[in-house]
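Working notes, beginning with the structure itself.
The values are calculated or read from the model by the stated rules, or taken from the named source; none is laboratory data. Note that the coordinates shown come from a computational prediction; the quantities given were computed from them, not determined experimentally. Note that we place each Cβ from the backbone using ideal geometry, even for glycine, and neighbour counts take in every protein chain shown.
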Amino acid sequence: MSGRHVALAAPAAVALALAAYPAVASGYGVRATLQVFMWIVLAGSWNLISGLTGYVSFGHVAFFGAGAYAGAILMSKAGWPWLAAALVGGVAAVVLALVIGYPCLRLKGPYFAIAMLGLNEVLRALVSYFEGLTGGGNGLSLPTLDATIPIYYVMGLTAVTVIALTYLIITSRFGLRLMTIREDEVAAEAMGIDTARHKLYAFLLSAVGPGIAGALTARDQGYIEPISVFPLATTITMIVMVLFGGKGTVWGPVLGAVVLFVTQEVVWARYPYVHPLLFGAIIVAVVLLMPRGVLGILQIRYRLPRTI
Amino acid sequence: MLGQVVISGILSGALYAMVALGLALIFGVMRIINVAHGPLLMLGAYTTYFLSTVLDVNPYLTVPVSMAVLFAVGVVLERTLVFRVVDAPELSSLLLTFGVSIALVNLAQLLFTSDLRSVEYLTGAWVVGPFALSKTRVVAFVFAGTLTGLAFLLLGWTKLGKAIRATSQSREVAMVCGIDVQRIHLVTFGLASALAAAGGALIAVIVAIQPEMGQTWTFKSFLVIVLGGAGNYPGALLGGILLGLIEQVASLFLTTQLSEVVAYVLLVAILLVRPTGLLGGRQT
C-alpha cells in the first residue's frame with residue numbers, strides 16, 4: 001500500500017471502530033470518548049482561526065457557551081428537538097463571531113486577542129441579567145432524555161467534519177491565503193488578499209463547531225449554568241491541546257486532544273489544583289521550546305507533507 | 001447627583017490611568033501586549049495585604065515596597081522569558097504572556113487560596129458639601145496622580161526617560177545612537193510592573209482582593225490604551241479618566257451586572273468607529 005492509501009485507510013478504520021464502539025462499550029467508555037470528540041471539535045476549531053491566521057482567540061469558550069445557551073433555551077422553552085437546537089447553537093455562535101470579528105479583525109495587532117479575552121465575562125454578565133430566559137445563576141434544566149448514544153454519533157460526526165474542513169482549507173487557495181496572513185500580513189495585503197475578509201471567514205468557521213458542541217453538551221448533561229459553560233479553563237485547555245499537537249496542522253489538534261484528555265483523566269484528576277498551573281507552564285514552554293508542536297517537529301524531521 | 005458621579009469617575013479614572021500607563025509603556029517600547037499585566041497587579045495587591053495584615057504596617061507605607069517587589073518580579077520575568085519573544089510574531093508574545101498570567105493566577109490560588117481578603121483601613125467617607133468622598137478612593141487618587149506625575153517626569157525630563165521614548169519611536173535608530181535597548185526593555189518592564197503593583201496595593205485597601213482579580217485589569221488597561229490611542233502615553237491619562245467617568249455614569253442607569261458589559265461594548269464600538277483612539281495614533 002502506498003503512503004496515500006495508508007493516509008486514507010487509517011483514519012477510515014479508526015472511524016469505523018469508533019462507530020461500532022458504543023455497541024460493546026461501557027457507559028463510562030462512551031462518555032469518555034464523547035468528551036474526546038468534544039475536545040477535538042474545540043481544539044480543531046481554535047486551530048482554524050489561531051493556528052492558520054495567527055490571530056489568537058483567548059475566549060473561544062464563549063462560542064461553546066453561546067451555543068449551549070441558545071440550544072438549551074430552544075430545547076427547554078420552545079420544545080425543539082435536540083438535533084435542530086444543536087444546529088441553531090452553531091448558528092448563534094456564528095452570529096456572535098460576526099459581531100465581535102467584524103470590528104476587531106479589520107485591525108492588525110492585539111485588538112482581537114484582547115477583545116476575546118473580555119468576551120467571556122460579558123456573556124456571563126448577560127446570562128445573569130436575562131434571568132427570565134436563561135435562569136441566571138440558578139441555571140437551566142432541560143427535560144430528561146437519555147440520548148447519550150445519538151449525541152455520541154452527532155458529536156463524532158462534528159469532529160470528523162472539523163478535521164475534514166481543516167484538511168480542505170489547508171489544501172485550498174483559501175488556506176494558503178490564511179497562512180500568508182499569518183506569516184506576513186503586509187505582504188499578503190500587497191499581493192491583493194482582502195485580509196480582513198479572509199480573517200473574518202476563518203473566524204466564522206471556527207465558531208460553528210464550538211456552538212454545536214456546546215448545545216450537544218448541554219443536552220447530554222441536562223443542566224447548564226454560567227460557571228459550567230463559560231469556564232476560562234476550557235479555552236486554556238483548547239489552546240494547550242493545539243499548541244502541544246501542532247498549530248496549523250490537520251492532525252495536531254486531534255493528537256493534542258487525545259493525549260491531553262487521557263493524561264488529564266489518568267494523572268491530573270488527582271491533583272486538581274496543580275494542573276491549571278501546569279497548563280500555564282506548558283504554554284510558556286511550548287511557545288519557547290517547540291513552537292511547532294509535536295506534529296510540526298515530526299513534519300520537519302521526517303519530511304512529512306504539511307497536510308498531516 | 002451628576003457632580004458626585006463626575007467626582008467618583010475621576011477618582012477611579014486616575015487609578016485606571018496609572019495602571020494602563022504601565023501596559024502602554026510595554027506596548028510602546030517592546031510592541032508587546034502583556035496579558036500578565038493584571039495578574040502582576042494582583043501580586044502587588046497581595047504583597048500589600050500580607051505586609052499590612054501580618055507585619056501590621058500601615059498599608060499606604062507598603063505601596064513603595066509592593067512596587068519594588070514587583071519591579072524585581074518584572075525584571076526577572078523579562079530577563080528569563082519575555083525578551084525571547086520581543087521580535088517573534090505577535091502570536092508568540094500573546095501566548096507567552098497568557099501562559100505566564102495563568103501560571104501566576106493559579107500559583108496565587110494555590111498559595112493564598114481563593115478566599116476574598118481585605119485590608120481594613122480608613123473606612124468611611126469625607127463629606128464635602130453635597131458630596132461624599134470615600135476616604136480610600138481619595139487617597140488612591142492622590143497616590144495614583146503623584147505616581148503617574150512622577151512617571152511622566154521620568155519620561156520627559158531624565159536621560160533614562162529620553163532613552164525609553166527613543167526606543168519606543170524606533171528601536172533601530174535608538175540602538176545606533178548608543179542606547180542599550182535590551183536594558184531599556186528590562187527597565188520598562190520593571191517600571192510597568194511597579195505601576196501595576198501600585199494599582200494593586202491601592203485597590204487592596206478599597207475592595208476585597210482574590211487571585212482572579214487581575215484579568216479584568218488587563219482588559220480595562222487595554223481599553224484605556226485604545227481610548228487614548230495606542231502608543232500615545234498622555235492618551236492613557238485621558239483614556240483612564242474617560243473610562244472612570246463612563247463606568248460611573250453607566251452605573252447610574254444600569255444594574256451592576258450590565259455596567260460590566262459597558263466597558264466591553266465601548267471597546268467594540270471604538271474599534272468600529274475610530275480604531276486609532278480618540279486622541280489619534282502614536283505620538284510620543
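Just so you know, in region B:252-268 the residues that are over 22 Å from the mean Cα position of the chain (by Cα) and either within 8 Å of chain A (Cβ to nearest Cβ) or of a type outside the set (Val, Ile, Thr) (or both) include one that is surrounded by the fewest Cβ atoms within 10 Å (Cβ to Cβ), and it is B:Phe253.
Return the residue satisfying two criteria in turn: it lies in region A:91-107 and is within 10 Å of B:Val268 (Cα to Cα) and touching a Leu at 6+ places or on another chain (Cβ under 8 Å), and of such residues it is nearest to the other protein chains (Cβ to nearest Cβ). It would help to see each step written out before you state the result.
Just the residues of region A:91-107 that are within 10 Å of B:Val268 (Cα to Cα), to begin with: A:99-104.
Within this subset, residues satisfying the condition of being touching a Leu at 6+ places or on another chain (Cβ under 8 Å) are A:100-104.
Details: A:Ile100: 7, A:Gly101: 10, A:Tyr102: 8, A:Pro103: 4, A:Cys104: 6 Å.
Among residues in region A:91-107 that are within 10 Å of B:Val268 (Cα to Cα) and touching a Leu at 6+ places or on another chain (Cβ under 8 Å), the one nearest to the other protein chains (Cβ to nearest Cβ) is A:Pro103.
Taking the conditions (1) hydrophobic (A, V, I, L, M, F, W, C); (2) within 30 Å of A:Thr195 (Cβ to Cβ); (3) out of contact with any Lys or Arg (no Cβ under 8 Å at 6 or more places or on another chain) in turn, A:Leu105 satisfies each one other than (3). Kindly indicate whether any position in region B:182-196 is assigned to a helix (DSSP H, G or I), in contact with an Asp or Glu (Cβ under 6 Å, 6 or more places away or on another chain) and either within 20 Å of B:Ile32 (Cβ to Cβ) or within 14 Å of chain A (Cβ to nearest Cβ) (or both). Taking every residue of region B:182-196 in turn, at least one turns out to be assigned to a helix (DSSP H, G or I), in contact with an Asp or Glu (Cβ under 6 Å, 6 or more places away or on another chain) and either within 20 Å of B:Ile32 (Cβ to Cβ) or within 14 Å of chain A (Cβ to nearest Cβ) (or both). Go through region B:234-265 and give me each residue that's part of a helix (DSSP H, G or I) and of a type in the set (Val, Ile, Thr). Passing the criteria: B:Ile241, B:Ile246, B:Val249, B:Thr256, B:Val261, B:Val262, B:Val265.
I'd like to know if region B:127-135 contains one or more residues that are more than 14 Å from chain A (Cβ to nearest Cβ) and in a helix (DSSP H, G or I). Please lay out each step first, then the result.
Step one: of region B:127-135, the residues more than 14 Å from chain A (Cβ to nearest Cβ) are B:127-135.
Cutting the leftovers down to in a helix (DSSP H, G or I) gives us B:135.
For region B:127-135, residues more than 14 Å from chain A (Cβ to nearest Cβ) and in a helix (DSSP H, G or I): present.
Among the residues of region B:137-168, count how many are polar (S, T, N, Q) and closer than 25 Å to B:Val205 by Cβ. Reasoning before the result, please.
The first filter runs over region B:137-168 and keeps only residues polar (S, T, N, Q), leaving B:146, B:148, B:158, B:167-168.
Then keep just the ones that are closer than 25 Å to B:Val205 by Cβ; that gives B:146, B:148.
Looking only at that region, the number is 2.
Tell me the residue from A:Thr235, A:Thr249 that is buried (at least 19 other Cβ atoms within 10 Å of the Cβ), within 30 Å of A:Leu145 (Cα to Cα) and at pLDDT 90 or above, please. When all the criteria are applied, what remains is A:Thr235.
Looking only at region B:112-126, decide whether some residue is in a helix (DSSP H, G or I) and within 14 Å of chain A (Cβ to nearest Cβ).
First pass over region B:112-126, keeping only residues in a helix (DSSP H, G or I): B:112.
Now drop any that are not within 14 Å of chain A (Cβ to nearest Cβ), which leaves B:112.
Checked region B:112-126: at least one residue is in a helix (DSSP H, G or I) and within 14 Å of chain A (Cβ to nearest Cβ).
Hey, could you check region A:115-146 for residues that are more than 14 Å from every other protein chain (Cβ to nearest Cβ) and crowded, with 16+ Cβ neighbours inside 10 Å and say which is farthest from A:Ala68 (Cα to Cα)? Looking at residues that are more than 14 Å from every other protein chain (Cβ to nearest Cβ) and crowded, with 16+ Cβ neighbours inside 10 Å, I get A:Gly135. Could you grab the pairs with beta carbons closer than 6 Å, sequence gap of 6+ or different chains, first residue in region A:92-114 and buried (at least 17 other Cβ atoms within 10 Å of the Cβ), second one β-branched (Val, Ile, Thr) and part of a loop (DSSP other than H, G, I, E, B)? If the second residue must be β-branched (Val, Ile, Thr) and part of a loop (DSSP other than H, G, I, E, B), the pairs left are A:Pro110/B:Ile33; A:Ala113/A:Val56. Within region A:268-289, can one find any residue that is charged (D, E, K, R) and over 17 Å from the mean Cα position of the chain (by Cα)? Yes: one or more hits.
Looking only at residues in region A:276-306 that are more than 14 Å from chain B (Cβ to nearest Cβ) and β-branched (Val, Ile, Thr), the one that is farthest from B:Leu77 (Cα to Cα) is A:Ile300.
Yes/no per residue for (1) in contact with a strand residue (DSSP E or B) (Cβ under 9 Å, 6 or more places away or on another chain); (2) of a type in the set (A, V, I, L, M, F, W, C); (3) assigned to a helix (DSSP H, G or I); (4) at pLDDT 95 or above:
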residue: A:Ala62; (1), (2), (3), (4): no, yes, yes, yes
residue: A:Trp80; (1), (2), (3), (4): no, yes, no, no
residue: A:Gly89; (1), (2), (3), (4): no, no, yes, yes
residue: A:Gly132; (1), (2), (3), (4): no, no, yes, no
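Among the residues of region B:76-97, is there at least one that is within 14 Å of chain A (Cβ to nearest Cβ), among the small types (Gly, Ala, Ser) and in contact (Cβ under 8 Å) with a residue 24 or more places away in the chain? Scanning region B:76-97 turns up at least one residue that is within 14 Å of chain A (Cβ to nearest Cβ), among the small types (Gly, Ala, Ser) and in contact (Cβ under 8 Å) with a residue 24 or more places away in the chain. With respect to the conditions (1) out of contact with any Leu (no Cβ under 7 Å at 6 or more places or on another chain); (2) more than 30 Å from A:Tyr153 (Cα to Cα); (3) among the aliphatic types (A, V, I, L, M), A:Ala215 lacks only one, and its number is (2). Hey, can you tell me all the residues within region A:234-275 that are out of contact with any helix residue (DSSP H, G or I) (no Cβ under 6 Å at 6 or more places or on another chain), within 14 Å of chain B (Cβ to nearest Cβ) and more than 22 Å from A:Leu165 (Cβ to Cβ)? Across region A:234-275, the qualifying residues are A:Tyr271, A:Pro272, A:Val274.
When each of A:Val127, A:Val160, A:Val122, A:Val95 is tested for being farther than 29 Å from B:Trp217 by Cβ and in contact with a helix residue (DSSP H, G or I) (Cβ under 7 Å, 6 or more places away or on another chain), the lone residue that passes is A:Val160. Looking across region A:18-50, the residues that are modelled with pLDDT of 95 or more and small (Gly, Ala, Ser) come down to A:Ala43, A:Gly44, A:Ser45, A:Ser50.
Taking B:Gly277 as the residue in question, decide whether it is modelled with pLDDT of 85 or more, buried (at least 21 other Cβ atoms within 10 Å of the Cβ), within 20 Å of the chain's Cα centre (by Cα) and under 25 Å from B:Leu153 (Cβ atoms).
Numbers: modelled with pLDDT of 85 or more: no; buried (at least 21 other Cβ atoms within 10 Å of the Cβ): yes; within 20 Å of the chain's Cα centre (by Cα): yes; under 25 Å from B:Leu153 (Cβ atoms): yes.
Judged against the criteria, B:Gly277 is not a match.
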